[in-house]
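Here is the structure we will look at.
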Amino acid sequence: MRLVLSDRELAKLFVMLLLAALMFGITGLMGMLVMQWVTRQRYAKDEVAKHGISQVNASRLGGVVIIGLCLSFLLGRFILGHEFDNIGLLGIQMWGWVAFFSTSLLGLVEDIDNDLLSPLLRLTLLVLFFGITFVIWPEIIPNNIGYQYIDNVMSQPIIGWAISVVFCVGFINAINMADGANGLVPGIVFIASVIFNSVMGAMVWEILSIVSGVFLLFNVISGRLFLGDAGAYGLGSILVLAGFYAVNTHRISVEFAAVMMCYPCVEVVMSMIRRRMAGRSMFKPDNHHLHNYIHEQLKTKTRSRVAANSLTGLLVACGSTGIAYMGIKLELLEATSSEWIWVFIIQLLIYLAGYWALSKPAISKVENTAT
């Protein structure tokens, strides 16, 4: 473990601690110190240039840190006598906890020993976890979204169960795929937590917004801590189940949910289509995502190994979940409005235009190199 920090690293640490204290108080300061300690350890390291973006050594245990800190702070408030709502333990329904811990532990195994579990086995286990969750907690299946035909289909037990399982597994893989640029997935998690806290008010969302906000600062400034599979799987399961619950109870509209999670969902679908059209496996990872191409453009404009990466993630997160937050913050639309469908369509068109414009130079470069 490295104990000596360079002057540059000390300056970054001072800035991170100051921002964490100013924005999130003593909770943020404690969280920042824990994250700094984790990055000094030698285990669960990400390779440099993994995802085609990162250029510094980083830890894959960011998700473990977020989960651990959230549970610690939630239990601390519980012990101090703070009241929680009646949804379930610490603000989460019991079977939501089961799905969350199961997926998190699956991701943690992969973080500790990369490629220990085959992709097929991980996929099978995710299907099993969510399949069991929806069998014992069928109330969470989204069959009350406001479109009669879709609601009728989702109300059919087997069909609704199957579609919900496939969607959850796909969403988690979408989150995992996007966890490459600093601030991208952490930004989505942070903004979504703030939104869910405003529409549902459970203590868990208040704590998660604080901890993920601290992690976002650390991730963007240092670039030395990623969510990893434990974070992508665990936090992805929380977001998707919370989305189902919020839509079913009319806290948000399905169109608003689509705007919130636009980028990871659109990117994973488009990536599968692109790979299929190219004659490759739809499930084999690559570095031809929109955030990779945005990063290629930004890194030519800065000498910092972290700045281009972080700008990429923040730009994408703000253009996806950030749009949803600003819309309700400025009271342009209610979170329950169906008019969000037009915002989603605009997001989709911008994505397609951006991908077309930014991928052409990259593809031409590869072809010229090959010849």
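What is segment 245-350 by shape, rounded, prolate or oblate, if you read a ≥ b ≥ c off the alpha carbon gyration tensor as root eigenvalues and call it rounded for a/c under 1.5, prolate for a/b larger than b/c, and oblate otherwise?
Oblate.
Taking springs between alpha-carbon atoms closer than 10 angstrom, which of Ala308, Ala258, Ala278 fluctuates most in the Gaussian network model of the chain?
Checking each option, the largest mean-square fluctuation is seen for Ala278.
Comparing Trp37, Trp137, Trp340, which has the greatest mean-square fluctuation in the GNM of the chain with Cα pairs linked when under 10 Å apart?
Trp37
Of Leu216, Ser193, Met260, which is farthest along the charge dipole of the chain in the positive direction, counting Lys and Arg as +1 and Asp and Glu as -1 at C-beta?
Leu216
If I stretch the segment between Leu105 and Phe14 completely, what's the gain in nm (0.36 nm per residue apart, minus their alpha carbon distance), one decimal?
So the extension gain works out to 29.5 nm.
What nm value, rounded to one decimal, do you get for the distance between Ala21 and Glu334 when each label is placed 7 Å out toward the C-beta?
Between Ala21 and Glu334, the simple spin-label model gives 4.4 nm.
When the Karplus curve 6.51 cos²θ - 1.76 cosθ + 1.60 is applied with θ = phi - 60°, which whole-Hz ³J(HN,Hα) does each residue of segment 167-180 get, with x for Gly and Pro?
Those phi angles translate into 5, 5, 5, x, 5, 4, 5, 5, 5, 5, 5, 7, 7, x Hz.
Applying the Karplus parametrisation 6.51 cos²θ - 1.76 cosθ + 1.60 with θ = phi - 60° to the phi angles of segment 208-218, what ³J(HN,Hα) value in whole Hz is obtained for each residue in order, glycine and proline being reported as x?
With the stated coefficients, segment 208-218 comes to 5, 5, 5, 5, 5, x, 5, 4, 4, 4, 5 Hz.
How would you rank Tyr147, Tyr233, going from fewest to most other Cβ atoms within 10 Å of each one's own Cβ?
Ranking Tyr147, Tyr233 by Cβ neighbours within 10 Å, fewest first, gives Tyr147, Tyr233.
Dipole magnitude of the chain about its Cα centre, charges +1 at Lys/Arg Cβ and -1 at Asp/Glu Cβ only, in debye to the nearest 20?
Dipole of the chain, to the nearest 20 debye: 1280 debye.
How many angstrom lie between the C-alpha centres of segment 158-217 and segment 5-22?
For segment 158-217 versus segment 5-22, the Cα centre distance is 27 Å.
Tell me the label-point distance for the pair Arg280, Leu121, using the 7 Å Cα-to-Cβ offset, in nm and rounded to one decimal.
If labels sit at Arg280 and Leu121, their model points lie 2.5 nm apart.
Want the number for Ile346 to Arg77: 0.36 nm per residue separation, take away the alpha-carbon distance, what's left?
My answer for the length gained is 92.7 nm.
Could you calculate the contour length gain from Asn114 to Trp37, that is, 0.36 nm times the residue separation minus the distance between their Cα atoms, to one decimal place in nm? Mind showing how you got there, number by number?
Details: separation 77, 0.36 × 77 = 27.72 nm, distance 2.19 nm.
Working it through step by step, the gained length comes to 25.5 nm.
How many lysine pairs does the chain hold where the Cα atoms are under 19 Å apart and the two sit 8 or more places apart or on different chains? Write down the numbers at each step before the final one.
Working: Lys50/Lys284; Lys50/Lys299; Lys299/Lys360; Lys299/Lys365; Lys301/Lys360; Lys301/Lys365.
Close lysine pairs under the 19 Å cut-off: 6.
Taking GluC sites (Glu not before Pro) as exposed when DSSP calls them loop (any state but H, G, I, E, B) and at most 12 other Cβ atoms lie within 10 Å, what is the longest stretch of the chain free of them, the sites themselves excluded?
Longest run free of exposed loop sites: 84-330.
Between Ile188, Ile207, Ile136, find the one with the highest GNM mean-square fluctuation for the chain; connect C-alpha pairs within less than 10 Å.
The residue with the greatest mean-square fluctuation here is Ile136.
Using 7 Å Cα-to-Cβ label points, what is the Met326/Tyr149 separation (nm, one decimal)?
3.4 nm
Each reported figure results from applying straightforward, stated rules to the coordinates on display, with no laboratory input. As the structure is a prediction and not an experimental result, all values here were calculated from the model. Cβ atoms come from the backbone with ideal geometry, glycine included; neighbour counts cover every protein chain shown.
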